[in-house]
Every structure is written in structure tokens, then in C-alpha cells.
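Below is one structure, written out as C-alpha cells; the observations come after it.
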Amino acid sequence: MENVNAETMVYKVTKSKAVCGMTIFSVALVVCVFAFAYAVSLIEPVDGSYYILVPVTVLTLGVMGAYYLYSPKRVELTDGALVLHRVMGPKAFPYTEIEEVGKWSGSAASLLRTFGDGGMFGYIGWFSGGGLGRHFEYVCKYDDAFYLKMRSGRKYMLSCDDAERVVEYVSERVRES
């Protein structure tokens, strides 16, 4: 099956087995822990337990929901920009603002997560290391990762199927601009 639509150049973001496993494990763990906590609080009620349990549940589900909304779904190459489609909506990287693009060849073990999600719905958030220094990631599979260095100094790492073709296309557009 081809992952590219020739007219619009859309590339799917495939999740690695590690990301799929971490997502399933995290969701199952949260469901089990909170189901157990609510069951215990119904069987052996403790005064004020809901004042702690309900806000913790809401906060946990809110954080999980936020990372889901930031999770990448596909990368689209348009005439003017690379567009990352996330659940919450698109984020555009205009070619005129990109200074450098390349296939990432580092090791995931060399990355340090400073703020963000380490596998549930993808690797999303602020990371450092990996040859890029401080950068923001929207990665679901490190084998398909590529980086963008913006003229503003910001750095991003993204992933999608056929990352080499994406890097080649974006490189051509950056040279033209």
C-alpha cells in the first residue's frame, strides 16, 4: 500500500511498536488504578476521599487528552509549507522559515525528555540531545525521524513514512526560497 497521495503529497505518521505498546499500557494502567481506587472508596468510604480522587482523575485524564490532541497523524507537503496534521489541528512550517532539514540519524537513547510525553501517543514535547540540542518533538517512530532547524533558532523533530523523500522535497524548497 502506498502512503503517498501523488497530488497532495501526504505522508502517514506510523506509530512504532514501542509507542503502541506504551499507549496501550498507559491507558490500561490508568483505567485499572482509577477503577480500583473508586471501587475501594465505595466499599470502604473515607471522609474526603472524593476531594482527592476526583481532581486527580480529572487532571490525569486532562494530561492524557492533551497529549492525544498534540499527537501527529500525517505530514503534508504543500507549495508553501510542510504541514504537520495533529489531532488538534495543523501546524505549518513555511519553507521560507526553514534554515535546514535533514534525516535524523541519532539514537533515541541519547535523548533527554525535559517536558512532555515519552511514548504514549508518540514522543511529544521538549527534548534535548541527539545532536540537536533543545528541540520539540512530534515523533511516533524514531526510524522515520527528521529534523527542521528554523531561521528563528527553534528546532523540531518529526516523523512520517518515507522521511527521506520528505527531506529531499523540503530541501529543494528551502534552497529555492
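The values are calculated or read from the model by the stated rules, or taken from the named source; none is laboratory data. The shown structure was predicted, so the numbers you read here are calculated from the model rather than taken from an experiment. Cβ: placed from backbone, ideal geometry, glycine included. Neighbour counts: every protein chain shown. Side chains included, ligands, DNA and RNA excluded: accessible areas come from the protein's heavy atoms. Shrake-Rupley method; radii C 1.70, N 1.55, O 1.52, S 1.80 Å.
A few remarks follow.
- Rounded to the nearest 20 debye, dipole of region 127-177 from Cβ charges on Lys, Arg, Asp, Glu: 460
- Protein-only accessible surface order, largest first, of Lys12, Lys149 at 1.4 Å: Lys12, Lys149
- Shown for the chain are the DSSP H helices of 27 Å or more along their axis, judged by Cα atoms, with a mean Kyte-Doolittle hydropathy of at least 1.6: 17-43.
- Across His135, His85, the residue with the most accessible area heads the list, and the full order at a 1.4 Å probe is His85, His135.
- Asp143 contributes an accessible area of around 120 Å² to the protein surface, as traced by a 1.4 Å probe with all chains present.
- Computed with every protein chain present, the accessible area of Cys20 is close to 60 Å² [probe 1.4 Å].
- In nm, spacing of pseudo-spin labels at Ser110 and Val54 (7 Å Cα→C-beta vector): 5.0
- Solvent-accessible area, 1.4 Å probe, carbon plus sulfur percent, for the chain: 61
- On a per residue basis, the chain carries 56 Å² of accessible surface, using protein heavy atoms and a 1.4 Å probe.
- Under-5 Å amide H pairs with Tyr123, H placed in peptide plane, nonlocal only: Val139, Cys140
- From its DSSP helices (H runs of at least four residues, each -39,500 (n - 2.57)), the chain gives a residue-normalised ellipticity at 222 nm of -12500 deg cm²/dmol.
- Remark: region 73-90, residue by residue, has Karplus-estimated 3J(HN,Hα) of 10, 7, 10, 10, 9, 9, 5, x, 7, 8, 10, 8, 8, 9, 4, 6, x, x Hz, where x stands for each Gly or Pro and the curve is 6.51 cos²θ - 1.76 cosθ + 1.60 at θ = phi - 60°.
- Cα gyration tensor shape of region 33-117, rounded if a/c is under 1.5, else prolate or oblate by comparing a/b with b/c: prolate
- This structure gives P(r) over Cα pairs in 5 Å bins from 0, in percent, computed directly, and of [x] 1, 8, 15, 18, 17, 12, 9, 6, 5, 4, 3, 2, 0, 0; [y] 1, 7, 16, 20, 20, 17, 10, 5, 2, 1, 0; [z] 1, 7, 11, 13, 12, 12, 11, 9, 7, 5, 4, 3, 2, 1, 1, 0, 0, 0, 0, 0 that value is listed as [x].
- Overall, the chain carries a charge dipole of about 280 debye about its Cα centre when +1 sits on the Cβ of Lys and Arg and -1 on the Cβ of Asp and Glu, all other atoms neutral.
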